[in-house]
Amino acid sequence: MRPLYMVDTHSQYHKIKHQVDKAVLDVMESTAFINGKAVKEFAGNLAGYLGVKHVIPCANGTDALQIALMALGLQPGDEVITPSFTYIATTEVIALLRLTPVFVEVDAKTFCIDPVAIEKAITPKTKAIVPVHLYGQSADMEAIMKIAEKYNLAVVEDNAQAIGCDFHFSDGTSKKTGTIGHIGCTSFYPSKNLGAFGDGGAMCTNDDVLAEKLRMIANHGQKERYYHEVVGCNSRLDSIQAAILNVKLAYLDDYCKARQEVAAYYDKAFETTDQIITPFKASNSDHVYHQYTIILEGVNRDAFKARLDEKGIPSMIYYPVPAHKQKMFEQFEVGALDLPLTSYLTERVISLPVHTEMDEVQLKFITDTVLSVIENNDN
Ligand SMILES: *Cc1c(COP(=O)(O)O)cnc(C)c1O
């Protein structure tokens, strides 16, 4: 059997090595390493793929979130509502900008921010909502946009885990995640569904004014060289990364499909096992399975993980500590917040390998092993 990894970027590269190598060599030959042709091409192609007016590339997904919040012109102390059950980058940038993160509960089924909890958390200081499309499935963007409209709030989507995912509105129309809120942010970290060979990120918006601000902030606050209108930063997508991403973008739908096939295999294998709760599939969203994350019921997670490790099956806990319990947020006195579902998930979730290069031999070995570990579970 081929070795098992959480992601197999090596095998994925080798399938398209010829194209990727040529794209990289072309950039090297051009020596247009910064904001070269490849960056513009990729931004245009990604905008076309997403069906959005503007794509502004930047250095990574964390920068995308930071620049997005900077573009909203918020004041220190303004409140930003976000889930606690997410990767730290989502919430960290809020505090970095001297804004106040307001951590709310997630939905019991999708693990994405709960619209009901959002509305309850709104105060006169609330200015923005940052939903996260966790594990590759969309938050309830229809409900979130309704709340945002009602209270005049900005919505910045953290789409780092769900690029390629479609959200379906009740009127029958669909949009790509990241293009529904005022600004969408994504990451091209190598293990993401559209991964570069290094760091990368992008913001997207349909709003011309916001697009100009995002562009300016990512470029030292300038529109015209050496005339700096606002305080910005230096956040660029490397030309070499853009060239690679341009090649890989053409495969993104196939990559999503491959991940969905892995998930379908797991779903079926675990269907009748009470100790495993498989990922919920919402009727209003596709799932592009950035992670295949199960909940273990009545199983010691550490022991389970250790048994898989012994068999050469990697697994990960995304995320063992919710944001509101992180020391970095002590100043906000949120440690005692009661988010029971978030706590439950941090104790119970575990993610199994899911990537674009898995074969049936590997999947059978993983599912057989998982089931036998569960059966012999002595807890
Ligand atoms: C990966 C990720 C980010 C940050 O992306 P980087 O490119 O690593 O900075 C932000 N939010 C979520 C949910 C992520 O998974």
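Values in this text are rule-based calculations from the coordinates and carry no lab data. The model shown is predicted, which means the values in this text are computed figures rather than measured ones. We place every Cβ from the backbone using ideal geometry, glycine too, and count neighbours over all the protein chains shown.
Going through (1) more than 30 Å from Glu347 (Cβ to Cβ); (2) surrounded by fewer than 13 Cβ atoms within 10 Å (Cβ to Cβ) one by one, Leu249 falls short only on (2). Residues of region 219-243 that are surrounded by fewer than 18 Cβ atoms within 10 Å (Cβ to Cβ) and more than 16 Å from the ligand (Cβ to nearest atom): His220, Gly221, Gln222, Lys223, Glu224, Arg225, Tyr226, Tyr227, His228, Glu229, Val230, Val231.
Applying the set (1) within 16 Å of the chain's Cα centre (by Cα); (2) in a strand (DSSP E or B) to Tyr255 leaves exactly one unmet item: (2). Residues in region 54-75 that are assigned to a loop (DSSP other than H, G, I, E, B) and more than 19 Å from Ala121 (Cβ to Cβ) were compared, and the one that is farthest from the ligand (Cβ to nearest atom) is Gly73.
The residue of region 8-53 that is farthest from the chain's Cα centre (by Cα), among those that are within 16 Å of the ligand (Cβ to nearest atom) and of a type outside the set (Ser, Thr, Tyr), is Phe42.
Considering Gly178, Gly184, which residue is under 24 Å from the mean Cα position of the chain (by Cα) and on the phi > 0 side of the Ramachandran plot? Please lay out each step first, then the result.
Details: Gly184 fails: on the phi > 0 side of the Ramachandran plot.
Only one candidate passes the filter, namely Gly178.
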